[in-house]
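Reading through the structure tokens given below for one structure.
The values are calculated or read from the model by the stated rules, or taken from the named source; none is laboratory data. Being a predicted model, the structure only gives us computed values, none of them experimental. Every residue, glycine among them, receives a Cβ derived from its backbone with ideal geometry; neighbour counts consider all protein chains shown. These accessible areas exclude ligands, DNA and RNA; they are computed on the full protein's heavy atoms, side chains included. Shrake-Rupley method; radii C 1.70, N 1.55, O 1.52, S 1.80 Å.
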Amino acid sequence: MARIAGVNIPTNKRVEIALTYIHGIGPSMAREITDKVGISRERRVQDLSDAEVIQIRETIDADYMVEGDLRREVSMNIKRLMDLGCYRGLRHRKHLPVRGQRTHTNARTRKGPAKPIAGKKK
């Protein structure tokens with residue numbers, strides 16, 4: 001099992017798919033990394049040599065922000081908005097949708113399960 005950016009990537013999947021298991025790397029970025037390193041996208045992780053895994057790891061470390069650093073930056077950005085007290089920060093603070101979605105109905109993912117209101121029959 002190859003370990004890249006602190007994540008064990010699955011060995012029986014294609015390199016392009018396996019790289020998406022790393023937080024901050026999606027399909028297009030995985031394609032870009034495999035092209036940059038010069039590895040065929042169809043190859044499986046188990047078929048890669050140690051040198052190729054090291055090459056992928058060095059490319060990701062040098063050129064991309066992934067995993068812990070990315071999570072830290074995102075959380076710091078959210079904390080900054082909350083400290084400023086801007087509209088988006090207030091929405092984050094109240095655990096409501098931030099990007100203009102309706103909240104009268106829906107928004108259950110963000111708000112959590114519905115809380116029953118006492119005495120509201122009819």
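Computed over the chain, the per-residue total of -39500 (n - 2.57) for DSSP H runs of n ≥ 4 gives a 222 nm mean residue ellipticity of -14000 deg cm²/dmol, rounded to 500.
For the pair the range 7-65 / the range 71-108, the C-alpha centres are spaced 33 Å from each other.
The distance between label points at ARG71 and LYS36 comes to 2.2 nm (points 7 Å beyond Cα on the Cα→Cβ vector). Counting only protein heavy atoms and a 1.4 Å probe, the chain has 72 square angstrom of accessible area per residue.
Between ARG88 and ILE17, the C-beta separation translates, for a Förster distance of 41 Å, into a calculated FRET efficiency of about 0.75. Placing +1 on each Lys and Arg Cβ and -1 on each Asp and Glu Cβ, with no other charges, gives the chain a dipole about its Cα centre of roughly 1840 debye. Among ALA51, ALA30, ASN12, flag the residue with its Cα farthest along the positive direction of the charge dipole of the range 1-74, charges on Cβ as +1 for Lys/Arg and -1 for Asp/Glu. Checked the options; the winner is ASN12. Split the accessible area of the chain by element, probe 1.4 Å, and carbon with sulfur accounts for 51%. Rounded to two decimals, the Cα-based Rg/Rh of the chain, with Kirkwood Rh, is 1.19.
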